[in-house]
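**Q** Sharing a structure below in structure tokens format, with a few things to ask.
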Amino acid sequence: MMMRRLHVVPDLSLFAAGCVLAFPLVQAGPPAVEAAVPEKASVVSSLTPNSYRFVNGEWFDGKTFRRRVVFAVGGVLTSKAPAAVGEVVDLKGRFVVPPFGDAHNHYIAGPHDIERILQQYLGDGIFYAKNPASIRRDTLRIKDLINKPDSVDVVFANAGITASGGHPVRLYEETLRKVKTPGPDGSFDNLAYYIIDTDGDLEKKWPMILADAPDFIKAHLLYSEEFVKRRDDPAYYGSKGLDPGVLASIVAKAHASHLRVSCHIETAADFRNALAAGVDEINHLPGCYPDAAHPDWFPISGQDAALAARKGVVVVTTTYVSQAEIKKPQELEQARSVQAHNLRLLHDAGVKLAVGPDVYGVTALAEAMSLHDLKAFDNLTLLKMWCETTAGTIFPARKIGRLEDGYEASFLVLGGNPIESFESVKDIRMRFKQGAFIRLDKGGL
């Protein structure tokens, strides 16, 4: 039996100490738009949106790049010239894309090393992030550092929902307690996870879940084809999850409260059961970290892919997990083969795919390059996944992910064309968020 991975924290020493570091004071005056991006940086931004005219830029329109003149007025993009323009910016033929997102990571989770982590996200061009399992007590300590124009915008599920002995109970109780503080009773129950075994448990705990003010709900479904077998067997501690029937009740409760549901899955059977329960988002591609002893558990069917497309379910890929976790070349090759099969099947069926690595210490850049290496789709498809679908599943109510009139004035300027060479996503020459420049300069605190 494969024990549930502990990939969230590959090096516990990373959490050993640390404190909240404030951002440096905002500097006055317009930023230098041609500044190179150095290593080790501090965030400098103009917090008050101004009006700008961007000329000589190649702007991504969802299909290709077109030379356009674009204005940013009051933090919004427009093709219409305002009465007065505060500044003209020459993009010198470079390529403009929407900001990137990270749809599954636990990296932005609390005060430890938070300034460096946020700089890493901004440095990689990632303005939007989704944390599907965290402790609200800890994320409240960084609320003044995120979700503002000069930082990363983040949503949190807070504590996830699982069954007795299910994932992530073992992860917290045996591993993360070395670096995180448990609740007053000495455990992480009702702090980092909720145990819901029956509909009765759900009724009892739902007010507590809502009181935690989640941005969305995270549920855990693992090896559900063996739910009865694993339910009461201590050998499967940490490698099991919710009763699929209870998951459906959780989805109904969440939707009644206007909350979307993201569901952790492992196998193709989990994928099918999550669809049946009505979840909005599936976290993990089946086979992102497969059990080598049971390769038949992970390839999804064309019928399930078609159902996911009809339901509008978003699948967050997390293929980088296998590269971070699997050390045997043959097993890694087997895992990557399953991933490529599932990705092509989902894409061909029209399923929305979002980018996120679910590995601590990296951003979605690692996942984007993992997907590129798999060669499951072309560069245009991957770019749209990262810019459009990922942003949309993180903040579905916001006008982001496109460079169109009325959308937030947020974008990246790249040195090369990522449709021709996807490596160009690493060559970020300019960052602009909600109508203001973000410049990464040397000389932090």
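The values are calculated or read from the model by the stated rules, or taken from the named source; none is laboratory data. Nothing here was measured: the structure is a model prediction, and the numbers come from that model. Positions of Cβ are generated from backbone atoms using ideal geometry, with glycine treated the same way; all protein chains shown enter the neighbour counts.
**Q** Phe432 passes all but one of (1) surrounded by fewer than 21 Cβ atoms within 10 Å (Cβ to Cβ); (2) modelled with pLDDT of 95 or more; (3) of a type in the set (A, V, I, L, M, F, W, C); (4) more than 19 Å from the chain's Cα centre (by Cα); which number fails?
**A** The failed condition is (1).
One line per residue, one yes/no per condition, for (1) under 19 Å from Asn417 (Cβ atoms); (2) modelled with pLDDT of 95 or more; (3) of a type in the set (S, T, N, Q); (4) not in a helix (DSSP H, G or I):
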{"position": "Thr48", "(1), (2), (3), (4)": "no, no, yes, yes"}
{"position": "Ala83", "(1), (2), (3), (4)": "no, no, no, yes"}
{"position": "Lys92", "(1), (2), (3), (4)": "yes, yes, no, yes"}
{"position": "Val96", "(1), (2), (3), (4)": "yes, yes, no, yes"}
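**Q** Here's another thing I want to ask about it. Going through the stretch 357-402 one residue at a time, which ones are over 13 Å from the mean Cα position of the chain (by Cα) and either in a helix (DSSP H, G or I) or hydroxyl-bearing (Ser, Thr, Tyr) (or both)?
**A** Correct list: Met369, Ser370, Leu371, His372, Asp373, Leu374, Asn379, Leu380, Thr381, Leu382, Leu383, Lys384.
**Q** Still on this model: Filter the stretch 168-183 for residues that are surrounded by 15 or more Cβ atoms within 10 Å (Cβ to Cβ), touching a residue at least 40 places away in the same chain (Cβ under 8 Å) and of a type in the set (D, E, K, R) and give the result.
**A** If the condition is that a residue be surrounded by 15 or more Cβ atoms within 10 Å (Cβ to Cβ), touching a residue at least 40 places away in the same chain (Cβ under 8 Å) and of a type in the set (D, E, K, R), then Arg170, Lys180 are the ones that fit.
**Q** Condition first: assigned to a loop (DSSP other than H, G, I, E, B) and under 17 Å from the mean Cα position of the chain (by Cα). Now tell me which residues in the stretch 321-350 satisfy that.
**A** Here is the first cut: in the stretch 321-350, the residues assigned to a loop (DSSP other than H, G, I, E, B) are 326-328, 350.
Residues satisfying the conditions do not exist here.
**Q** Also, quick follow-up: Could you check how many residues of the stretch 216-274 are small (Gly, Ala, Ser), part of a loop (DSSP other than H, G, I, E, B) and surrounded by 21 or more Cβ atoms within 10 Å (Cβ to Cβ)? Explain how you work it out, then say what you get.
**A** Keep residues of the stretch 216-274 that are small (Gly, Ala, Ser), which gives 219, 224, 235, 238-239, 241, 245, 248-249, 252, 254, 256-257, 262, 268-269, 274.
In the following step, the residues that additionally are part of a loop (DSSP other than H, G, I, E, B) were identified as 238-239, 241, 257.
Going one step further and asking which of them are surrounded by 21 or more Cβ atoms within 10 Å (Cβ to Cβ), we end up with 238-239, 241.
Residues flagged as small (Gly, Ala, Ser), part of a loop (DSSP other than H, G, I, E, B) and surrounded by 21 or more Cβ atoms within 10 Å (Cβ to Cβ) within the stretch 216-274 amount to 3.
**Q** Sticking with this structure for a sec: Identify all residues within the stretch 194-213 that are under 16 Å from Ala133 (Cβ atoms) and free of Cβ contacts under 8 Å to residues at least 60 places away in the same chain; write none if there are none. Can you show your working first?
**A** Filtering the stretch 194-213 down to residues under 16 Å from Ala133 (Cβ atoms) leaves 194-196, 209, 212-213.
Once the filter is applied, which keeps residues that are under 16 Å from Ala133 (Cβ atoms) and free of Cβ contacts under 8 Å to residues at least 60 places away in the same chain, the stretch 194-213 yields Tyr194, Ile195, Ile196, Ile209.
**Q** Could you check the stretch 68-86 and list, in sequence order, the residues that are closer than 14 Å to Val413 by Cβ and without any contact (Cβ under 8 Å) to a residue 24 or more places away in the chain?
**A** Within the stretch 68-86, just Arg68 meets the criteria.
**Q** Another question, then. From the list Leu118, Leu145, Leu140, which one is under 24 Å from the mean Cα position of the chain (by Cα) and closer than 15 Å to Val362 by Cα? Steps first, please.
**A** Values: Leu145 fails: closer than 15 Å to Val362 by Cα; Leu140 fails: closer than 15 Å to Val362 by Cα.
Residue meeting the stated conditions: Leu118.
**Q** Looking at the stretch 299-320, can you tell me whether even one residue there is within 18 Å of the chain's Cα centre (by Cα) and part of a helix (DSSP H, G or I)?
**A** yes
**Q** Turning to a different aspect of this structure: Of the residues Gly186, Gly165, which single one is more than 23 Å from the chain's Cα centre (by Cα), surrounded by fewer than 16 Cβ atoms within 10 Å (Cβ to Cβ) and not in a helix (DSSP H, G or I)?
**A** Working: Gly165 fails: surrounded by fewer than 16 Cβ atoms within 10 Å (Cβ to Cβ).
From the options Gly186, Gly165, the qualifying one is Gly186.
**Q** While we're on this one: Read through the list (1) within 28 Å of Gly245 (Cβ to Cβ); (2) surrounded by fewer than 18 Cβ atoms within 10 Å (Cβ to Cβ); (3) among the basic types (Lys, Arg), then give the number of the only condition that Lys327 fails.
**A** Checking Lys327 against (1) within 28 Å of Gly245 (Cβ to Cβ); (2) surrounded by fewer than 18 Cβ atoms within 10 Å (Cβ to Cβ); (3) among the basic types (Lys, Arg), the one that fails is (1).
**Q** Can you say whether Arg53 is of a type outside the set (A, V, I, L, M, F, W, C), modelled with pLDDT of 90 or more, part of a strand (DSSP E or B) and loosely packed, with under 14 Cβ neighbours inside 10 Å, as far as the supplied structure shows?
**A** No; evaluated as a whole, the condition is false for this residue.
**Q** Turning to a different aspect of this structure: Only one of (1) touching a helix residue (DSSP H, G or I) at 6+ places or on another chain (Cβ under 7 Å); (2) touching a residue at least 40 places away in the same chain (Cβ under 8 Å); (3) within 22 Å of Ala211 (Cα to Cα) is not met by Leu259, so which one is it?
**A** So Leu259 meets the others, but not (1).
**Q** Okay, next question. Quick one: in the stretch 393-403, which of the residues that are touching a residue at least 60 places away in the same chain (Cβ under 8 Å), over 22 Å from Ser424 (Cβ atoms) and in contact with a Gly (Cβ under 9 Å, 6 or more places away or on another chain) is surrounded by the fewest Cβ atoms within 10 Å (Cβ to Cβ)? Explain how you work it out, then say what you get.
**A** Taking the stretch 393-403 and keeping what is touching a residue at least 60 places away in the same chain (Cβ under 8 Å), we get 393-396, 400-403.
So of that shortlist, the ones also over 22 Å from Ser424 (Cβ atoms) come out as 393-396.
Then drop every residue that is not in contact with a Gly (Cβ under 9 Å, 6 or more places away or on another chain), which leaves 393-395.
Working: Thr393: 29, Ile394: 27, Phe395: 18.
Of everything passing the filter in the stretch 393-403, Phe395 is surrounded by the fewest Cβ atoms within 10 Å (Cβ to Cβ).
**Q** Which numbered condition in (1) without any contact (Cβ under 8 Å) to a residue 60 or more places away in the chain; (2) in contact with a Phe, Trp or Tyr (Cβ under 7 Å, 6 or more places away or on another chain); (3) under 23 Å from Trp297 (Cβ atoms) is the only one that Asp243 fails?
**A** The one condition Asp243 does not meet is (1).
**Q** Do we have Asn105 as without any contact (Cβ under 8 Å) to a residue 24 or more places away in the chain and not in a helix (DSSP H, G or I) here? Before the answer, list the steps.
**A** Working: without any contact (Cβ under 8 Å) to a residue 24 or more places away in the chain: no; not in a helix (DSSP H, G or I): yes.
No: the conditions fail for Asn105.
**Q** A further question on this structure: Just to check your reading of the model, which residue among Leu380, Leu346, Leu412, Leu374 is buried (at least 22 other Cβ atoms within 10 Å of the Cβ) and in the same structural domain as Asp124 (by TED's automatic domain parsing)?
**A** Values: Leu380 fails: buried (at least 22 other Cβ atoms within 10 Å of the Cβ); Leu412 fails: in the same structural domain as Asp124 (by TED's automatic domain parsing); Leu374 fails: buried (at least 22 other Cβ atoms within 10 Å of the Cβ).
The unique qualifying residue is Leu346.
Quick grid of which residues meet (1) of a type in the set (Lys, Arg); (2) closer than 16 Å to His347 by Cβ:
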residue	(1), (2)
Lys375	yes, yes
Asn379	no, yes
Ala409	no, no
Leu412	no, no
Gly415	no, no
Ser421	no, no
